[in-house]
Amino acid sequence: MNIKELAKKLGLSITTVSRALGGYSDVSEKTRERVKKYANKYQYSPNPYASTLASGKVKTVGYVLPIYGSNTSTLNQGNFFQFISGMSEELLSESIQLQISFAKSENEELIAYEKLITEHKIENIVLQNIKTKDKRIEILNKYKVNYVAWGKTKSKRNYSWVDLDNDNAIKIIINYLIKKNHTHIAYINISEKYNFANERKSSFLKNLKLNKINFNPNYYASVKLEEPENSFEVIKKMLTKNKKISAIICSTEFSALSAVKACNDLNYKIGKDISIITFDGALVRDLSSPPITAVSFPVKELGKRAINILLDKNKNQTVNYLAKSEIIERGSVHIVS
């Protein structure tokens, strides 16, 4: 069944059928439903390449996957692929292609986005790893393409994004640790040039103050995303010099694994002598030993939401979505007696 035959059976023009299947608002809801019903009955699926030739527009979503720093490890790319999985499910239902490019540096990322727009003529883009000030957003705004960001800049400018509620996630962690009598709480972050890291640090400082715990700068460290191997030495040195630390909050899964390694190296029993808590993902859920208590991080859902926002044909304003977290107990946090 092709679109010409489907239009003939419906007694409609090819253009009307095409726009009905595309969800355009200039076709009545009654007609859209009738067209979809017939399309399902005759197992008609729009050919995205034919649609591209007919419309002159590329029905593709572009995505650039960074493979530098900690992301050179395939193990540490789990969150990206969960996000891509969520996007793909939504795109498949719309018969839209996903084009992924790879970048080995920040500069390659900028070039990759330029190529997606100027060479591949892609008009819909999802970007991630948002920095507090992000040059990629300047590029997308310059070309006036439709985009959604996984994360937000510090200024939270007028664009659509999806993100974890980082402020609330840290609040949940701090309250959870305090209920278990922890007051000497360390925090291992990555560079605050990434806005999620900046938000988590701000929430950490705020919630310590709200709970009348003085911030100890010796209990805080930031490791460059480009130098993830340093986190092990940083954590080991911190624990060696600060014996009172009873709990470590890790801003990333990679630093959580480094914390496990550092504690093992110092003969600290996790969940008894020291506590570790982080943000959830495949590394700490399936591969760490022992399993690490974490706050939930619904990455796949964020991918789905990003596509839903990106493809909303009736939107006339920016749309934002914040995912909430909850504690996932795995026994790596003890009660201080």
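Couple of notes before you dig in:
- Solvent-accessible heavy-atom area per residue, rounded to whole Å², over the stretch 206-280 at 1.4 Å: 51
- Under 28 Å of direct C-alpha separation, and excluding same-chain neighbours fewer than eight residues apart, Lys243 reaches these lysines: Lys171, Lys179, Lys180, Lys201, Lys206, Lys209, Lys212, Lys224, Lys261, Lys269, Lys272.
- Convex hull (Cα only) mean projected area of the stretch 201-326, reported in nm² to one decimal: 10.0
- Antiparallel %, DSSP beta bridges [both residues in the stretch 180-330], to 5: 10
- Label-point separation, Asp286 to Lys8 (7 Å along Cα→Cβ), nm: 4.9
- When each of the peptides 123-130, 253-260, 99-106, 112-119 is scored by how many other beta carbons lie within 10 Å of its residues on average, the order from highest to lowest is 253-260, 123-130, 112-119, 99-106.
- Listed residues Leu208, Ser251, Ala186: farthest to the positive end of the dipole of the stretch 141-279 (Cβ charges): Leu208
- Within straight-line reach of Lys121, meaning a Cα separation under 17 Å, sit the following lysines at least 8 residues removed in sequence or on another chain: Lys57, Lys59, Lys142, Lys144.
- When each of Lys135/Lys324; Lys9/Lys41; Lys154/Lys304 is checked by Cα-Cα distance, pairs over 18 Å: Lys135/Lys324; Lys154/Lys304
- The calculated Kirkwood hydrodynamic radius for the chain is 22.1 Å, given to one decimal from all distinct C-alpha pairs.
- In the stretch 80-205, the ratio of gyration radius to Kirkwood radius, Rg to Rh, stands at 1.05 when only Cα atoms are counted.
- Neighbour net charge for Lys324 - beta-carbon separation under 12 angstrom, K R +1, D E -1: -4
The values are calculated or read from the model by the stated rules, or taken from the named source; none is laboratory data. Bear in mind the structure is a predicted one, so any value in this text is a computation, not a measurement. Because the Cβ atoms are built from the backbone with ideal geometry, glycine has one as well, and the counts that use them run over all protein chains shown. SASA here: full protein model, heavy atoms, side chains in, ligands and nucleic acids out. Shrake-Rupley method; radii C 1.70, N 1.55, O 1.52, S 1.80 Å.
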